[in-house]
Amino acid sequence: MSRLQDRRDARDGLKTLSGRQPVVAALDLGASKVACFVMKPDGINREERTLRTVGVGQAQSRGVRGGAIVNMDDAADAIAQAVERAEAVAGVAVHGVSVTTSGGQLASHRVCSQVSLGARPISDHDLTRAISAALAQVRMPGRRPIHLLPIAWSVDAQRGVRDPRPMFGRTLGLELVVVSISETVFQTLSFCVERAHLEFHGVVAAPFSAALAALEDDEMDLGCICVDMGGGSTSVAVFSGGSLIHVDSLAVGGAHVTADIARGLSTSIAGAERIKTLHGAAIASSNEDREMIEAPPRGDDPGAGPVIAPRSLLKGIIAPRVEETLELLRERLKASGAALEPGAGIVLTGGASQLSGVREVAVRVFDRPVRLGRPKRAPHLADAASGPAFCAAAGVLQRAAFGPREVVSLRALAGAKPGPRDDRSTTPFGRAATWLRDNL
């Protein structure tokens, strides 16, 4: 019997003994690590807008490359390990998880709609009509919506309305952002989580969840760009006026820097990762030409000595890759047409953002103020789980506790089945519109 099957049997026994617990679990599925955060409802402090986790677990990621699952069994095994470690700390059984990822070719699309109003206060039914009219314009074959977020409402062309109920007017306008992921990647994630014997509650875009954990309210209102630098990809979420307005991703991350070091120094991937962590930097430092570093040789030849190189060579490998990644992201943002506020700052999250000198390179590339983000809404987290690498997982809990409110829940979107294009009621957007009519 496989290790994964053993874990499934043990998990079934634990669930039978403990019963269903009202917990929220977030799973950050990355190329370098899998992290699980568990929170109970009583861990939410609404007065201070903070939350407390009862369990944190992580495991080395396996079966994931470039933000995509390439080995189902290995990925499911890593998920099960991370969840089990969080369960052991929390003392509760986790039955389902919301997965945050930056893979799957994350993208966003903005649509606008306008509906006529009668001589009565604006009601939920009017909001539903505006949302359904916006969703009817969306055509994204082969993609699955994972977030449907209002950017702004307007009443009689008066913009900036947060909640139009129960205002009066002749027309109600809506600007909606639709964040989507590849349908095949979505189905693969769902199947992988189920192979780990967990219920799949949906997908949260990693840059969006990281921004919820790391950004201040003022930053969202005045405009901010959250760049999540992971192992397999680099993604971005743009905020303006307190709302998410754009999401994008690049399949380039910290693992590519590690691979460049391994090639440049003729060392192993493990040795390159260790050197990057201990000595890596994206900017020049004093005496780096005279400072030498040692790397283990590639292969298992016992007679081969360590690879010795100046630290300046290491910097010469890292800096171009980091600069190129950020420049590609900058050009993608310019091409997107997203309205970037003139004074919008940059907040860096993700494990790759912790590399020395990345912040300074980002300042030079974007010509904007840059800071490093941390999960500010979970002040009790231990040092090992409170860094930029854990913003995405903490942000999923933040979203569950405090919003923002989406027009369709994650579970409703996760349960929508793709169908024939000529039958709108069976498509994800058709199911979303049906859910709106029944539940909003």
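The values are calculated or read from the model by the stated rules, or taken from the named source; none is laboratory data. Keep in mind that what you see is a predicted model, and the values were worked out from it rather than measured. With ideal geometry, Cβ positions are generated from the backbone for all residues, glycine too; neighbour counts draw on all protein chains shown.
For this structure, a couple of remarks:
- Residue that is modelled with the highest pLDDT, among those in region 362-393 that are among the small types (Gly, Ala, Ser), surrounded by 21 or more Cβ atoms within 10 Å (Cβ to Cβ) and not in a helix (DSSP H, G or I): GLY373
- For region 333-357, a residue qualifies if it is surrounded by 21 or more Cβ atoms within 10 Å (Cβ to Cβ) and among the hydroxyl-bearing types (Ser, Thr, Tyr), and the qualifying residues are THR349, SER353.
- Selected residue [buried (at least 21 other Cβ atoms within 10 Å of the Cβ), assigned by TED's automatic domain parsing to the domain that holds VAL38, out of contact with any helix residue (DSSP H, G or I) (no Cβ under 8 Å at 6 or more places or on another chain) and not polar (S, T, N, Q)] from ALA130, ALA82: ALA82
- Residue, surrounded by the fewest Cβ atoms within 10 Å (Cβ to Cβ), within region 110-127, restricted to residues that are of a type in the set (D, E, K, R) and under 19 Å from PRO404 (Cα atoms): ASP124
- Count - residues of region 334-358 that are within 20 Å of the chain's Cα centre (by Cα) and closer than 18 Å to GLU219 by Cα: 6
- Qualifying residue in region 110-123 (condition: hydrophobic (A, V, I, L, M, F, W, C), at pLDDT 90 or above and closer than 30 Å to ALA26 by Cα): yes
- ALA68 being in contact with a helix residue (DSSP H, G or I) (Cβ under 9 Å, 6 or more places away or on another chain), within 20 Å of GLY350 (Cα to Cα) and not assigned by TED's automatic domain parsing to the domain that holds ALA259: yes
- Looking at region 169-276, the strands (runs of 3 or more DSSP E) lying wholly inside it that each contain 1 or more residues that are surrounded by fewer than 23 Cβ atoms within 10 Å (Cβ to Cβ) and of a type in the set (Ser, Thr, Tyr) sit at 171-182, 234-240, 243-250.
- Filtered by the rule that a residue be part of a helix (DSSP H, G or I) and either of a type in the set (Gly, Ala, Ser) or closer than 18 Å to ILE245 by Cα (or both), region 320-338 gives LEU329, ARG330, GLU331, ARG332, LEU333, LYS334, ALA335, SER336.
- Verdict on GLU341 being in contact with a Gly (Cβ under 7 Å, 6 or more places away or on another chain) and either assigned to a loop (DSSP other than H, G, I, E, B) or farther than 16 Å from SER235 by Cβ (or both): yes
- So LEU17, is it in a helix (DSSP H, G or I) and either at pLDDT below 90 or buried (at least 23 other Cβ atoms within 10 Å of the Cβ) (or both): yes
- Residue check, ARG311 in contact with an Asp or Glu (Cβ under 6 Å, 6 or more places away or on another chain), at pLDDT 90 or above and crowded, with 16+ Cβ neighbours inside 10 Å: no
- For region 30-53, a residue qualifies if it is without any contact (Cβ under 8 Å) to a residue 60 or more places away in the chain and either surrounded by 18 or more Cβ atoms within 10 Å (Cβ to Cβ) or of a type in the set (Ser, Thr, Tyr) (or both), and the qualifying residues are VAL34, VAL38, GLY43.
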